[in-house]
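Since every read-out is calculated from the coordinates, none of them should be taken as a lab result. Everything numeric here is computed off the predicted structure, so don't read it as measured data. Cβ sites come from the backbone with ideal geometry, for glycine too, and all protein chains shown count toward neighbours.
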Amino acid sequence: MPEEPQTRAVVRASPPRPERGTLGHFLLLAWMQARIMSSYMWVLFRTKVLRWPLAPDALVAVHRRNARRFKTTACRLKGANVKLGQIASMQAHLLPAVVIEELRSLRDAVTPTDSKQVLKLLERELGKPVGELFASFDETPIATASMGQVHAARLEDGRAVVVKVLHPGLERTVEIDLALMRVLLRALRRFIPTKKLDPMVILYETEAALRRELDLSHEGEATETLARELTPLGVIVPGVHWKYTSRRVLTLDFIDGVNIDNRAQMDTWKIDREKLMALYLKSFVHQALGGGYFHADPHPGNVFCTPDGQLALLDFGMVQRLGDDVRDGLMKEILGGFFARPKLWADGMIQKGAVDESERNKLEDFAATAFEDPKARAIIFDHRIDSRGDLTSTVDKFAAFFRSLKTLKTPRDNVMFGRALGIIIDVMKEVVPEKSPSELAGPVMMPVLMDFIAANPEYFELVAGLGATPATPLVAEVVAAKAPTVAVVPADG
């Protein structure tokens, strides 16, 4: 279990005003949401009251139009709307496919804050003019995201750093965003096929994280905490310069590298992309399923490859801590699904609170067929869609099963984990297209399974069920070494 971040004293200045003013921000956001809700209210009135059916293609067009309305406004307003949209883009089990498709383009689609406002904010936060704080400061940001932007700078001693600055007025606008988003998601509940899956969970799980992002000193503390976890794995995490850090400013070591999806540059540097992706996945598993405290936003803009092939994680603004039951449940669920172990998958679903014990048999029976289906495995673990028909069939099968569960409820503390894992699968697929993500994950997940069964004797029988694969003797050897009194017999006898 990683150490809790230790609070540090930082400068607290009064919050700046939003770029568009509080009223302007509210009106623009309210107008966007009113248009979205009115369009869906018309669909509801038309289909339920007038009994006038809407063609499937027409409903898809409504979803796409509304997703674009949200995306356009979010990129102008920045802050919580962009972050919520990015998180919503990973909720394929809750939202229509066309909405997911539109929202995925939200990443890094934000306009930067004017440089004059940035300089004023830096002086107010750090107590001195920028020229007295830094030997040099580039007023053009090198990156702009939902909550802030990053500038290159150099300290008086010559060290290269990056300075992250929050967009002005976030404290005020985030509360407006969350309040109006709450109204919108409650309205969207009517369009979710089952009431057991609640879109409000998107908001429940992210509002606390969003509020933490309003204080960059929390990000500095998370950076140092996860550096202690990741450095032994060979992952680079930038150092924090607390002298140049406040609630709205964070100064970090500069990391030389490229975004992890820049295949052309990595090939020029002769980087082993498979090895890099294995470490990328391993570092996430180590954080989330090992300690339970993890970087929840590992998209390529926050992950670098250095010229010598090292992995660097950046921007720890969005982190999440999993409770022990949720962490252990997710461990069992992931291992059970990946290795097609129905009992283990069912144990995980029950332990994390998604389904009650009374429906165990249903869970195991479903898993016994679902995770052996090559098409389903390709979609779930590789994000590979060979045909629209395969996707529709698989989604319908899973949706029908979950609708049939009487005790199903949307578990907490899953959204951020699922989003992060989904990002990682997509990045692995993009960076090493010649191999599937599940092929790349196999060598990473097998040691995780070995450690799990060695620590949990009640699951030793899973080893015998893995089949005669090259990995089976290794599993048996490791388990025997850790628990010599337990006999492990491969499946082929």
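Going from the residue with the fewest nearby Cβ atoms within 10 Å to the one with the most, Lys362, Lys282, Lys332 rank Lys362, Lys282, Lys332. Among Ser89, Ser146, sorting on how many other beta-carbon atoms sit within 10 Å of each Cβ, with the fewest leading, yields Ser89, Ser146. Residues Glu359, Glu101, ranked from the fewest to the most other C-beta atoms within 10 Å, line up as Glu101, Glu359.
Please tell me which of these pairs span more than 21 angstrom C-alpha to C-alpha: Lys71/Lys375; Lys343/Lys406; Lys120/Lys164; Lys397/Lys429? From Lys71/Lys375; Lys343/Lys406; Lys120/Lys164; Lys397/Lys429, over 21 Å: Lys71/Lys375; Lys397/Lys429.
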